[in-house]
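These notes concern the structure reproduced below.
The values are calculated or read from the model by the stated rules, or taken from the named source; none is laboratory data. Predicted, not measured: the structure shown is a model, and the values here were computed from it. Ideal geometry is used to build each Cβ from the backbone, glycine not excepted, and the neighbour counts take in all protein chains shown. Accessible surface areas use protein heavy atoms only, side chains included; no ligands, DNA or RNA. Shrake-Rupley method; radii C 1.70, N 1.55, O 1.52, S 1.80 Å.
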Amino acid sequence: MKCPSVLVTGSSGLIGSEAVGHFDRLGHDVIGVDNNMRREFFGPAGDTSWNLERLKRSTRNFRHYNLDIRDRAGVMALFEQNSFDLIIHCAAQPSHDKARDIPLTDFEVNALGTLNLLEATRQHSPEAVFILMSTNKVYGDAPNEKLLRELETRYDFADAADFQGIDETCRIDRTLHSIFGASKVAADVMAQEYGRYFGMNVGVFRGGCLTGPSHSAVELHGFLSYLVKVAVSGQTYQVYGYKGKQVRDNIHSFDVIRAMEEFAANPRPGEVYNMGGGRENSVSIIEAIERIEQLTGQKIACTYHDRNRKGDHICYISDLGKFKSHYPGWKVTRSLDAILEEMVEAQTSQLAKSA
Ligand SMILES: NC(=O)c1ccc[n+]([C@@H]2O[C@H](COP(=O)([O-])OP(=O)(O)OC[C@H]3O[C@@H](n4cnc5c(N)ncnc54)[C@H](O)[C@@H]3O)[C@@H](O)[C@H]2O)c1
(Lines give C-alpha, C1' and ligand atoms only; values in the text may rest on other atoms or scores of the structure.)
Protein backbone atom coordinates (compact mmCIF):
# COMPACT_ATOMS: atom_id res chain seq x y z
CA MET A 1 0.00 0.00 0.00
CA LYS A 2 1.24 3.50 -0.86
CA CYS A 3 2.17 5.58 2.18
CA PRO A 4 0.04 8.69 2.56
CA SER A 5 1.84 11.73 1.28
CA VAL A 6 1.83 14.82 3.45
CA LEU A 7 2.47 18.45 2.53
CA VAL A 8 3.40 20.78 5.37
CA THR A 9 3.68 24.52 4.72
CA GLY A 10 5.67 26.60 7.18
CA SER A 11 7.63 23.40 7.77
CA SER A 12 10.54 25.11 9.54
CA GLY A 13 8.25 26.88 12.00
CA LEU A 14 6.91 25.73 15.36
CA ILE A 15 3.83 23.80 14.27
CA GLY A 16 5.04 22.86 10.80
CA SER A 17 8.24 21.27 12.09
CA GLU A 18 6.31 19.26 14.68
CA ALA A 19 4.08 18.00 11.84
CA VAL A 20 7.07 17.06 9.70
CA GLY A 21 8.70 15.08 12.53
CA HIS A 22 5.46 13.39 13.51
CA PHE A 23 4.38 12.20 10.06
CA ASP A 24 7.93 11.25 9.11
CA ARG A 25 8.15 9.03 12.20
CA LEU A 26 4.90 7.38 11.09
CA GLY A 27 6.57 6.50 7.79
CA HIS A 28 4.78 8.97 5.52
CA ASP A 29 6.42 10.83 2.66
CA VAL A 30 6.58 14.42 3.83
CA ILE A 31 7.18 17.48 1.69
CA GLY A 32 7.84 20.74 3.50
CA VAL A 33 7.50 24.23 2.07
CA ASP A 34 9.18 27.12 3.87
CA ASN A 35 11.09 30.11 2.52
CA ASN A 36 12.33 31.26 5.96
CA MET A 37 10.18 34.36 5.68
CA ARG A 38 10.03 34.46 9.48
CA ARG A 39 13.55 35.91 9.29
CA GLU A 40 12.32 38.66 6.97
CA PHE A 41 9.44 39.44 9.38
CA PHE A 42 11.39 39.40 12.65
CA GLY A 43 15.11 39.64 11.85
CA PRO A 44 17.88 37.15 12.75
CA ALA A 45 16.12 35.92 15.94
CA GLY A 46 13.27 34.73 13.74
CA ASP A 47 15.55 32.72 11.45
CA THR A 48 14.22 29.17 11.18
CA SER A 49 17.10 27.62 9.25
CA TRP A 50 18.43 25.90 12.43
CA ASN A 51 15.12 24.06 12.65
CA LEU A 52 15.24 23.05 8.99
CA GLU A 53 18.75 21.65 9.51
CA ARG A 54 17.53 19.77 12.59
CA LEU A 55 14.69 18.24 10.54
CA LYS A 56 17.01 17.25 7.71
CA ARG A 57 19.25 15.43 10.23
CA SER A 58 16.43 13.70 12.10
CA THR A 59 13.97 12.62 9.39
CA ARG A 60 13.92 9.80 6.82
CA ASN A 61 11.40 10.75 4.15
CA PHE A 62 11.35 14.53 4.26
CA ARG A 63 11.94 16.78 1.24
CA HIS A 64 12.12 20.54 1.62
CA TYR A 65 11.17 23.17 -0.98
CA ASN A 66 12.26 26.76 -0.52
CA LEU A 67 8.97 27.94 -2.02
CA ASP A 68 6.97 31.09 -1.26
CA ILE A 69 3.27 30.30 -0.90
CA ARG A 70 2.52 33.63 -2.60
CA ASP A 71 4.09 32.19 -5.77
CA ARG A 72 0.92 30.78 -7.34
CA ALA A 73 2.67 29.22 -10.35
CA GLY A 74 5.22 27.58 -8.04
CA VAL A 75 2.49 26.23 -5.77
CA MET A 76 0.54 24.88 -8.77
CA ALA A 77 3.69 23.22 -10.15
CA LEU A 78 4.34 21.54 -6.78
CA PHE A 79 0.81 20.10 -6.83
CA GLU A 80 1.13 19.06 -10.49
CA GLN A 81 4.28 17.09 -9.66
CA ASN A 82 3.01 15.50 -6.44
CA SER A 83 -0.27 14.17 -5.21
CA PHE A 84 -1.06 14.73 -1.54
CA ASP A 85 -3.32 12.95 0.94
CA LEU A 86 -2.91 15.47 3.74
CA ILE A 87 -2.04 19.16 3.64
CA ILE A 88 -1.16 20.94 6.86
CA HIS A 89 -1.01 24.66 6.20
CA CYS A 90 1.04 26.53 8.79
CA ALA A 91 2.98 29.08 6.73
CA ALA A 92 1.97 32.56 7.79
CA GLN A 93 2.85 36.03 8.90
CA PRO A 94 1.90 35.17 12.49
CA SER A 95 2.16 38.42 14.47
CA HIS A 96 -0.65 40.90 14.96
CA ASP A 97 1.72 43.69 15.97
CA LYS A 98 3.98 43.12 12.95
CA ALA A 99 1.06 43.18 10.49
CA ARG A 100 0.51 46.89 11.21
CA ASP A 101 3.79 47.70 9.43
CA ILE A 102 3.24 45.39 6.44
CA PRO A 103 -0.51 45.11 5.72
CA LEU A 104 -0.04 44.21 2.04
CA THR A 105 2.54 41.50 2.65
CA ASP A 106 0.55 40.21 5.62
CA PHE A 107 -2.56 39.82 3.47
CA GLU A 108 -0.67 38.33 0.54
CA VAL A 109 0.89 35.64 2.73
CA ASN A 110 -2.02 34.88 5.04
CA ALA A 111 -5.03 35.27 2.76
CA LEU A 112 -3.79 34.90 -0.83
CA GLY A 113 -1.20 32.27 0.10
CA THR A 114 -3.96 30.22 1.69
CA LEU A 115 -6.18 30.62 -1.37
CA ASN A 116 -3.32 29.52 -3.64
CA LEU A 117 -3.01 26.31 -1.60
CA LEU A 118 -6.74 25.65 -1.39
CA GLU A 119 -7.17 26.09 -5.12
CA ALA A 120 -4.13 23.95 -5.96
CA THR A 121 -5.59 21.26 -3.69
CA ARG A 122 -8.98 21.50 -5.39
CA GLN A 123 -7.43 21.19 -8.84
CA HIS A 124 -4.87 18.48 -8.15
CA SER A 125 -5.57 16.62 -4.86
CA PRO A 126 -9.30 17.19 -4.30
CA GLU A 127 -9.68 14.16 -2.02
CA ALA A 128 -6.94 15.34 0.34
CA VAL A 129 -7.57 16.50 3.89
CA PHE A 130 -6.61 20.17 4.19
CA ILE A 131 -6.03 21.67 7.63
CA LEU A 132 -5.63 25.41 8.06
CA MET A 133 -3.89 26.66 11.18
CA SER A 134 -6.03 29.67 11.97
CA THR A 135 -6.04 31.78 15.12
CA ASN A 136 -8.22 33.00 17.97
CA LYS A 137 -7.58 36.52 16.62
CA VAL A 138 -10.41 35.83 14.13
CA TYR A 139 -12.68 36.64 17.10
CA GLY A 140 -11.01 40.04 17.31
CA ASP A 141 -11.52 41.58 20.72
CA ALA A 142 -15.05 40.15 21.08
CA PRO A 143 -13.84 37.82 23.89
CA ASN A 144 -13.10 41.00 25.90
CA GLU A 145 -16.85 41.62 26.11
CA LYS A 146 -17.19 38.73 28.55
CA LEU A 147 -17.82 39.79 32.10
CA LEU A 148 -14.52 39.42 33.97
CA ARG A 149 -13.42 39.39 37.56
CA GLU A 150 -10.00 40.50 38.71
CA LEU A 151 -8.13 38.06 40.93
CA GLU A 152 -4.79 38.59 42.63
CA THR A 153 -2.68 37.28 39.73
CA ARG A 154 -5.10 37.02 36.79
CA TYR A 155 -8.35 37.99 35.19
CA ASP A 156 -10.97 35.30 34.91
CA PHE A 157 -14.47 34.94 33.51
CA ALA A 158 -17.04 36.08 36.05
CA ASP A 159 -19.90 34.02 34.68
CA ALA A 160 -19.85 30.29 35.53
CA ALA A 161 -21.22 29.56 32.03
CA ASP A 162 -17.91 30.84 30.60
CA PHE A 163 -15.74 28.65 32.82
CA GLN A 164 -14.48 26.43 29.96
CA GLY A 165 -13.64 29.48 27.87
CA ILE A 166 -14.46 30.83 24.43
CA ASP A 167 -16.21 28.49 22.02
CA GLU A 168 -16.68 28.60 18.26
CA THR A 169 -19.98 30.49 18.48
CA CYS A 170 -18.12 33.68 19.38
CA ARG A 171 -18.80 36.15 16.56
CA ILE A 172 -15.97 36.98 14.15
CA ASP A 173 -17.19 40.29 12.72
CA ARG A 174 -17.87 43.71 14.20
CA THR A 175 -14.84 43.47 16.44
CA LEU A 176 -11.29 44.88 16.40
CA HIS A 177 -9.10 42.14 14.90
CA SER A 178 -5.78 43.83 14.12
CA ILE A 179 -4.62 43.71 10.49
CA PHE A 180 -3.30 40.20 11.13
CA GLY A 181 -6.62 39.04 12.57
CA ALA A 182 -8.43 40.35 9.51
CA SER A 183 -6.14 38.59 7.02
CA LYS A 184 -6.59 35.39 9.03
CA VAL A 185 -10.38 35.84 8.95
CA ALA A 186 -10.16 35.96 5.14
CA ALA A 187 -8.15 32.72 5.11
CA ASP A 188 -10.35 31.07 7.74
CA VAL A 189 -13.62 31.86 5.96
CA MET A 190 -12.23 30.92 2.54
CA ALA A 191 -11.01 27.58 3.90
CA GLN A 192 -14.44 26.92 5.40
CA GLU A 193 -15.94 27.69 2.00
CA TYR A 194 -13.73 25.12 0.25
CA GLY A 195 -15.14 22.65 2.79
CA ARG A 196 -18.78 23.75 2.64
CA TYR A 197 -19.14 24.93 -0.96
CA PHE A 198 -16.80 22.50 -2.71
CA GLY A 199 -17.31 19.70 -0.18
CA MET A 200 -13.60 19.25 0.35
CA ASN A 201 -12.13 17.76 3.53
CA VAL A 202 -11.09 21.07 5.02
CA GLY A 203 -10.72 21.70 8.74
CA VAL A 204 -9.94 25.02 10.42
CA PHE A 205 -8.09 25.08 13.75
CA ARG A 206 -8.22 28.36 15.65
CA GLY A 207 -5.16 28.39 17.84
CA GLY A 208 -4.82 29.88 21.30
CA CYS A 209 -1.14 30.12 22.31
CA LEU A 210 0.74 27.37 20.50
CA THR A 211 4.08 26.60 21.96
CA GLY A 212 6.99 24.21 22.18
CA PRO A 213 10.77 24.03 22.01
CA SER A 214 11.02 24.48 18.22
CA HIS A 215 9.86 28.08 18.15
CA SER A 216 12.26 30.71 16.85
CA ALA A 217 10.94 32.99 19.57
CA VAL A 218 10.80 36.76 19.12
CA GLU A 219 9.12 39.49 21.13
CA LEU A 220 6.39 39.95 18.52
CA HIS A 221 5.46 36.28 18.35
CA GLY A 222 5.68 33.26 20.65
CA PHE A 223 4.51 34.33 24.12
CA LEU A 224 5.84 31.55 26.36
CA SER A 225 8.94 30.61 24.39
CA TYR A 226 9.97 34.27 24.18
CA LEU A 227 9.42 34.70 27.92
CA VAL A 228 11.55 31.63 28.63
CA LYS A 229 14.22 32.87 26.22
CA VAL A 230 14.35 36.23 28.00
CA ALA A 231 14.51 34.49 31.38
CA VAL A 232 17.32 32.15 30.40
CA SER A 233 19.40 34.81 28.64
CA GLY A 234 18.93 37.43 31.38
CA GLN A 235 17.22 40.03 29.16
CA THR A 236 14.30 42.27 30.16
CA TYR A 237 10.68 41.28 29.47
CA GLN A 238 8.18 43.96 28.47
CA VAL A 239 4.68 43.64 29.89
CA TYR A 240 1.99 45.60 28.03
CA GLY A 241 -1.07 46.59 30.05
CA TYR A 242 -3.77 44.74 32.00
CA LYS A 243 -1.37 44.70 35.03
CA GLY A 244 0.19 41.56 33.55
CA LYS A 245 -2.96 39.68 34.50
CA GLN A 246 -3.95 38.82 30.92
CA VAL A 247 -4.56 35.10 30.52
CA ARG A 248 -3.52 32.79 27.68
CA ASP A 249 -4.06 29.07 27.25
CA ASN A 250 -1.04 27.20 26.02
CA ILE A 251 -0.84 24.02 24.02
CA HIS A 252 2.24 22.04 23.09
CA SER A 253 2.84 21.66 19.34
CA PHE A 254 2.71 17.86 19.80
CA ASP A 255 -0.90 18.00 21.02
CA VAL A 256 -1.83 20.26 18.08
CA ILE A 257 -0.46 17.73 15.60
CA ARG A 258 -2.21 14.88 17.40
CA ALA A 259 -5.47 16.80 16.97
CA MET A 260 -4.73 17.23 13.28
CA GLU A 261 -4.06 13.51 12.99
CA GLU A 262 -7.47 12.77 14.53
CA PHE A 263 -9.18 15.16 12.12
CA ALA A 264 -7.30 13.70 9.13
CA ALA A 265 -8.46 10.18 10.02
CA ASN A 266 -12.10 11.27 10.16
CA PRO A 267 -12.51 14.65 8.46
CA ARG A 268 -15.61 16.82 8.74
CA PRO A 269 -15.72 19.20 5.75
CA GLY A 270 -15.70 22.87 6.65
CA GLU A 271 -15.58 22.41 10.44
CA VAL A 272 -13.98 24.96 12.72
CA TYR A 273 -12.37 24.12 16.05
CA ASN A 274 -10.79 26.11 18.81
CA MET A 275 -7.43 24.60 19.66
CA GLY A 276 -5.51 25.56 22.77
CA GLY A 277 -4.42 24.25 26.11
CA GLY A 278 -7.78 24.88 27.76
CA ARG A 279 -8.32 26.01 31.31
CA GLU A 280 -5.78 23.63 32.84
CA ASN A 281 -2.97 25.07 30.71
CA SER A 282 -4.03 28.67 31.14
CA VAL A 283 -1.72 31.17 32.80
CA SER A 284 -1.43 34.92 33.21
CA ILE A 285 1.81 36.74 32.43
CA ILE A 286 2.47 37.33 36.14
CA GLU A 287 1.88 33.67 36.92
CA ALA A 288 4.05 32.52 34.01
CA ILE A 289 6.89 34.75 35.18
CA GLU A 290 6.63 33.32 38.68
CA ARG A 291 6.65 29.71 37.46
CA ILE A 292 9.64 30.28 35.20
CA GLU A 293 11.52 32.03 38.01
CA GLN A 294 10.93 28.98 40.17
CA LEU A 295 12.25 26.69 37.42
CA THR A 296 15.38 28.71 36.63
CA GLY A 297 16.03 30.00 40.13
CA GLN A 298 16.53 33.47 38.63
CA LYS A 299 14.47 36.65 38.78
CA ILE A 300 13.16 37.92 35.44
CA ALA A 301 13.68 41.65 34.87
CA CYS A 302 10.44 43.23 33.65
CA THR A 303 9.38 46.64 32.39
CA TYR A 304 5.70 47.46 32.67
CA HIS A 305 3.90 49.62 30.09
CA ASP A 306 0.42 50.91 30.98
CA ARG A 307 -0.91 50.67 27.45
CA ASN A 308 -2.03 47.22 26.35
CA ARG A 309 -1.37 45.90 22.86
CA LYS A 310 -4.16 47.05 20.55
CA GLY A 311 -6.96 44.47 20.44
CA ASP A 312 -5.15 42.20 22.91
CA HIS A 313 -7.30 39.65 24.71
CA ILE A 314 -7.69 40.17 28.47
CA CYS A 315 -8.67 36.60 29.25
CA TYR A 316 -8.62 33.97 26.53
CA ILE A 317 -9.11 30.29 27.21
CA SER A 318 -10.04 27.93 24.35
CA ASP A 319 -13.16 25.90 25.00
CA LEU A 320 -12.10 22.50 23.65
CA GLY A 321 -15.53 20.92 24.09
CA LYS A 322 -16.45 20.79 20.40
CA PHE A 323 -13.21 19.15 19.29
CA LYS A 324 -13.30 16.66 22.17
CA SER A 325 -16.89 15.72 21.40
CA HIS A 326 -16.08 15.11 17.70
CA TYR A 327 -12.77 13.37 18.46
CA PRO A 328 -13.02 11.69 21.89
CA GLY A 329 -9.66 9.96 21.37
CA TRP A 330 -7.84 13.28 21.73
CA LYS A 331 -6.79 15.12 24.86
CA VAL A 332 -4.17 17.59 26.01
CA THR A 333 -1.22 15.44 27.12
CA ARG A 334 1.40 18.07 27.98
CA SER A 335 0.77 20.08 31.14
CA LEU A 336 1.88 23.67 31.44
CA ASP A 337 4.65 22.69 33.88
CA ALA A 338 5.92 19.99 31.51
CA ILE A 339 5.89 22.51 28.63
CA LEU A 340 7.83 25.07 30.67
CA GLU A 341 10.41 22.54 31.88
CA GLU A 342 11.05 21.37 28.32
CA MET A 343 11.37 24.94 27.06
CA VAL A 344 13.76 26.00 29.82
CA GLU A 345 15.94 22.99 28.99
CA ALA A 346 15.83 23.69 25.23
CA GLN A 347 16.61 27.40 25.61
CA THR A 348 19.41 26.71 28.08
CA SER A 349 21.09 24.27 25.73
CA GLN A 350 20.61 26.60 22.74
CA LEU A 351 22.21 29.43 24.71
CA ALA A 352 25.11 27.20 25.68
CA LYS A 353 25.64 26.23 22.01
CA SER A 354 25.67 29.85 20.84
CA ALA A 355 28.03 30.97 23.66
N1 LIG B 1 2.28 30.20 17.70
C2 LIG B 1 1.12 30.63 18.12
O3 LIG B 1 0.99 30.99 19.28
C4 LIG B 1 -0.07 30.65 17.21
C5 LIG B 1 -1.31 30.95 17.76
C6 LIG B 1 -2.44 30.94 16.95
C7 LIG B 1 -2.31 30.63 15.60
N8 LIG B 1 -1.08 30.36 15.08
C9 LIG B 1 -0.99 30.07 13.64
O10 LIG B 1 -0.39 28.82 13.45
C11 LIG B 1 0.37 28.81 12.25
C12 LIG B 1 1.77 28.34 12.56
O13 LIG B 1 2.32 29.20 13.55
P14 LIG B 1 3.80 29.00 14.07
O15 LIG B 1 3.83 29.48 15.48
O16 LIG B 1 4.30 27.65 13.73
O17 LIG B 1 4.54 30.10 13.17
P18 LIG B 1 6.07 30.14 12.73
O19 LIG B 1 6.36 31.54 12.36
O20 LIG B 1 6.92 29.44 13.73
O21 LIG B 1 6.04 29.24 11.39
C22 LIG B 1 5.56 29.72 10.18
C23 LIG B 1 6.57 29.38 9.10
O24 LIG B 1 6.05 29.82 7.85
C25 LIG B 1 7.12 30.30 7.07
N26 LIG B 1 6.58 31.23 6.08
C27 LIG B 1 6.12 32.48 6.32
N28 LIG B 1 5.72 33.04 5.17
C29 LIG B 1 5.92 32.13 4.20
C30 LIG B 1 5.71 32.14 2.80
N31 LIG B 1 5.22 33.22 2.17
N32 LIG B 1 6.01 31.03 2.09
C33 LIG B 1 6.52 29.93 2.71
N34 LIG B 1 6.78 29.88 4.04
C35 LIG B 1 6.47 30.97 4.77
C36 LIG B 1 8.05 30.97 8.08
O37 LIG B 1 9.39 31.06 7.60
C38 LIG B 1 7.93 30.06 9.29
O39 LIG B 1 8.94 29.08 9.34
C40 LIG B 1 0.28 30.23 11.70
O41 LIG B 1 -0.74 30.28 10.75
C42 LIG B 1 -0.12 31.06 12.90
O43 LIG B 1 -0.84 32.22 12.54
C44 LIG B 1 0.04 30.36 15.85
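Can you tell me the relative contact order of the chain? Whole percent, Cα pairs under 8 Å, sequence separation 6 or more. If you can, show how the numbers build up before the last one.
Details: 747 pairs, mean separation 64.3, N = 355.
This gives 18 percent for the chain.
Pairs of Cα atoms under 8 Å, at least six residues apart: use those to get the relative contact order of the range 248-308, whole percent.
Working: 28 pairs, mean separation 26.6, N = 61.
Computed value for the range 248-308: 44 percent relative contact order.
Which residues make up the longest stretch of the chain that has no GluC sites (Glu not before Pro) in a DSSP loop with at most 13 other Cβ atoms within 10 Å?
Working: sites that count: E127, E152.
The reported range is 153-355.
Carbon and sulfur atoms: what percent of the 1.4 Å accessible area of the chain do they account for? Intermediate values should be presented prior to the final figure.
Details: 7530 of 15120 Å².
Carbon and sulfur: 50 percent of the exposed surface of the chain.
From the helices alone, meaning DSSP H stretches of at least four residues, give me the mean residue ellipticity at 222 nm for the chain, per-run term -39500 (n - 2.57), in deg cm²/dmol to the nearest 500.
After summing the helix terms and dividing by residue count, I get -11500 deg cm²/dmol.
Sort W330, W50 by accessible area with a 1.4 Å probe, largest first. Before the final figure, lay out the partial values.
Numbers: W330 5, W50 85 Å².
Solvent-accessible surface, decreasing: W50, W330.
Can you classify the range 283-355 as rounded, prolate or oblate using the Cα gyration tensor, where a ≥ b ≥ c are the square roots of its eigenvalues, rounded means a/c under 1.5, and otherwise it's prolate if a/b beats b/c and oblate if not? Each step should come with its number before you reach the end.
Numbers: a/c = 2.52, a/b = 1.30, b/c = 1.94.
In terms of gyration-tensor shape, oblate.
List every residue whose amide H lies under 5 Å from the amide H of S282, counting only residues 5 or more places away in sequence or on a different chain, with H placed 1.01 Å from N in the peptide plane.
The answer is N250.
Using only Cα atoms, figure out Rg for the range 7-80 and give it as a multiple of 2.2 N^0.38 Å. Present the calculation step by step, with values, prior to reporting the outcome.
On the way: Rg = 12.1 Å, N = 74, 2.2 N^0.38 = 11.3 Å.
Expressed relative to 2.2 N^0.38 Å, the Cα Rg reads 1.07.
What trypsin sites (Lys or Arg not before Pro) in the range 88-196 are in a loop by DSSP, with at most 16 other Cβ atoms within 10 Å of the Cβ?
Values: sites: K98, R100, R122, K137, K146, R149, R154, R171, R174, K184, R196; in loops: R100, K146, R154, R171, R174.
Taking the range 88-196 and a limit of 16 other Cβ atoms within 10 Å, the loop trypsin sites (Lys or Arg not before Pro) found are R100, R171, R174.
Rolling a 1.4 angstrom probe over the protein heavy atoms, how many square angstrom per residue are accessible across the chain?
On the way: 15120 Å² over 355 residues.
For the chain, the solvent-accessible area averages 43 Å² per residue.
Place a +1 charge on the Cβ of each Lys and Arg in the chain and a -1 charge on the Cβ of each Asp and Glu, then give the dipole magnitude about the Cα centre in debye, rounded to the nearest 20. If you can, show how the numbers build up before the last one.
On the way: 40 positive and 46 negative charges, 61 e Å.
Result for the chain is approximately 300 debye, rounded to the nearest 20.
Mind listing which trypsin sites (Lys or Arg not before Pro) in the range 1-76 are in a DSSP loop and have 11 or fewer other Cβ atoms within 10 Å? Spell out each step's value before the answer.
Details: sites: K2, R25, R38, R39, R54, K56, R57, R60, R63, R70, R72; in loops: K2, R60, R70.
Here the trypsin sites (Lys or Arg not before Pro) that fit, given the DSSP loop and packing criteria, are K2, R60.
How about the range 223-309: which trypsin sites (Lys or Arg not before Pro) there lie in a loop by DSSP and see at most 12 other Cβ atoms within 10 Å? Walk me through the numbers before you get to the answer.
Working: sites: K229, K243, K245, R248, R258, R279, R291, K299, R307, R309; in loops: K245, K299, R307, R309.
Here the trypsin sites (Lys or Arg not before Pro) that fit, given the DSSP loop and packing criteria, are K299, R307.
At 37 °C and 0.692 mPa s, grab the translational diffusion coefficient of the chain from Stokes-Einstein with a Kirkwood Rh over Cα pairs, rounded to a whole number in µm² per second. It would help to have the intermediate numbers written out before the result.
On the way: Rh = 20.4 Å.
Taking Rh from Cα pairs, D becomes 161 µm²/s.
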